[in-house]
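A.B. asks: What follows is a structure written as structure tokens; I'll ask about it next.
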Amino acid sequence: MKKALSITKEKVAESAAALFNNNGYAGTSVRDIAEKAGVNVSLISYYFGGKRGLLEFLMSSFLEGYLQVLQDAYERLEKDSARTCLIRLIEEVIIYQQGRSQAARLVHREISIDTTLIREIMTTYLMKEKFYLTTILEQGVKQKEFKPCSKNMVTMQLRSMLFMPFLYPQYVKEIYQFSVNDRYFTSKYSSALQDWVNDTLCIQYDSESISGKDKEKLANSSIGAG
């Protein structure tokens, strides 16, 4: 029973994200969401407390999962190099967004709008994002893996590259003929960002100089460099 309810709730959330992306928040009614999800309208109030609550759920659930990816990378600093942690973070963030592409697009777009909800999200989630990313960069500089840099500027650059394809999937599809939902795209895009880390951040990158432990961890990460 609980599993069925969870599936229904997830279906409602996915339907809402797709409709909010296509029609806008104001242009989507609770009835539209219920019809697309194939559920009774009353279930949306039951699960989420209405359309506003549904938007908040989509935003918070996506960002909580995203922050968990960053936290995992941050915690790996205790045993792995900063470069290895950052490369794996990039791969895992891209995979995370690919599995939730409608929610990713919605969240990235909504964050650009100045509302009370977004101000709360900035305080609750995005300050933590800044902490995790800048700490990894600071550790890399301290370990003399990364060049001295403006950590805030680099963090803004990095997050822009991580999010852009999922914010503008139609642009990526029409202009570059890539689908952000294809594994081929995630592999190539992750590889390109890995090159950016090596060429832009690293003091001197040489695959022969990476420790055996770090080589093994990169080889076992979710996406190869291919």
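A.B. asks: Run the numbers on the chain and let me know its relative contact order in percent, using alpha-carbon pairs under 8 Å that are six or more apart. Kindly include the intermediate steps, with their values, before the conclusion.
C.D. replies: Numbers: 194 pairs, mean separation 48.0, N = 226.
Averaging sequence separation for qualifying contacts and normalising by length gives 21 percent for the chain.
A.B. asks: Take the range 127-200, compute every pairwise Cα distance, and split them into 5 Å bins from 0; I just need the percent in each bin.
C.D. replies: 3, 14, 21, 22, 16, 12, 9, 3, 0
A.B. asks: A further question follows. Can you tell me the dipole magnitude for the range 130-201 around its Cα centre, using point charges on the Cβ only (Lys, Arg +1; Asp, Glu -1), in Debye to the nearest 20? Working shown, then result.
C.D. replies: Values: 9 positive and 6 negative charges, 45 e Å.
Here the range 130-201 has a charge dipole of around 220 debye.
A.B. asks: Determine the dipole magnitude for the range 20-176: charges of +1 sit on the beta-carbon of Lys and Arg, -1 on that of Asp and Glu, nothing else is charged, the reference point is the Cα centre, and the result goes in debye to the nearest 20. Mind dumping the intermediate values first?
C.D. replies: Values: 20 positive and 17 negative charges, 55 e Å.
The calculation lands at about 260 debye.
A.B. asks: Taking just the alpha carbons, could you work out the radius of gyration and Dmax for the range 5-99, both in angstroms?
C.D. replies: My reading of the Cα-based Rg and Dmax gives 17.0, 51 Å.
A.B. asks: Now for a separate question. Quick one: accessible area per residue over the chain, 1.4 Å probe, rounded to a whole number of Å²?
C.D. replies: Values: 12120 Å² over 226 residues.
On a per-residue basis, the chain sits at 54 Å².
A.B. asks: Taking the 0 to 90 degree range and rounding to the nearest ten, how far is the long axis of helix 101-110 tilted relative to the main principal axis of the chain, both from C-alpha atoms?
C.D. replies: So the inclination is approximately 90 degrees.
A.B. asks: Return the long-range amide H neighbours of Phe146 (sequence gap of 5 or more, or a different chain), with a cut-off of under 5 Å between placed amide H atoms.
C.D. replies: Answer set, sorted by chain and number: Val141, Ile203.
A.B. asks: Of Ala13, Gln194, Thr134, which is farthest along the charge dipole of the chain in the positive direction, counting Lys and Arg as +1 and Asp and Glu as -1 at C-beta?
C.D. replies: Ranked along the dipole, the leading option is Ala13.
A.B. asks: I've got another one for you. Output the 0 to 90 degree angle, nearest 10, between the alpha-carbon long axis of helix 183-196 and the longest principal axis computed from the alpha carbons of the chain.
C.D. replies: That helix lies at roughly 40 degrees to the long axis.
A.B. asks: Using helices alone, I'd like the mean residue ellipticity at 222 nm for the chain: each DSSP H run of four-plus residues gives -39500 (n - 2.57), total over residue count, nearest 500. Kindly include the intermediate steps, with their values, before the conclusion.
C.D. replies: Values: 12 runs with 159 residues, N = 226.
Using -39500 (n - 2.57) per qualifying helix, the result is -22500 deg cm²/dmol.
A.B. asks: Can you pull out the trypsin sites (Lys or Arg not before Pro) in the range 38-83 whose DSSP state is coil and whose Cβ has at most 16 other Cβ atoms within 10 Å?
C.D. replies: On the way: sites: Lys51, Arg52, Arg76, Lys79, Arg83; in loops: Lys79.
Of the trypsin sites (Lys or Arg not before Pro), the ones in loops of the range 38-83 whose Cβ has at most 16 other Cβ atoms within 10 Å are Lys79.
A.B. asks: Now for a separate question. Report the semi-axes of the equivalent ellipsoid for the range 76-125 in whole Å, largest first, where each axis is √(5λ) for an eigenvalue λ of the Cα gyration tensor.
C.D. replies: Numbers: eigenvalues 150, 49, 10 Å².
Over the Cα atoms of the range 76-125, the semi-axes work out to 27, 16, 7 Å.
The values are calculated or read from the model by the stated rules, or taken from the named source; none is laboratory data. Since the structure is predicted, the reported quantities are computational estimates derived from the model, not experimental observations. Heads up, the Cβs are rebuilt from the backbone with ideal geometry, glycines too, and the neighbour counts pull from every protein chain shown. When the accessible area is computed, the model is the full protein with side chains, heavy atoms only, and any ligands, DNA or RNA have been set aside. Shrake-Rupley method; radii C 1.70, N 1.55, O 1.52, S 1.80 Å.
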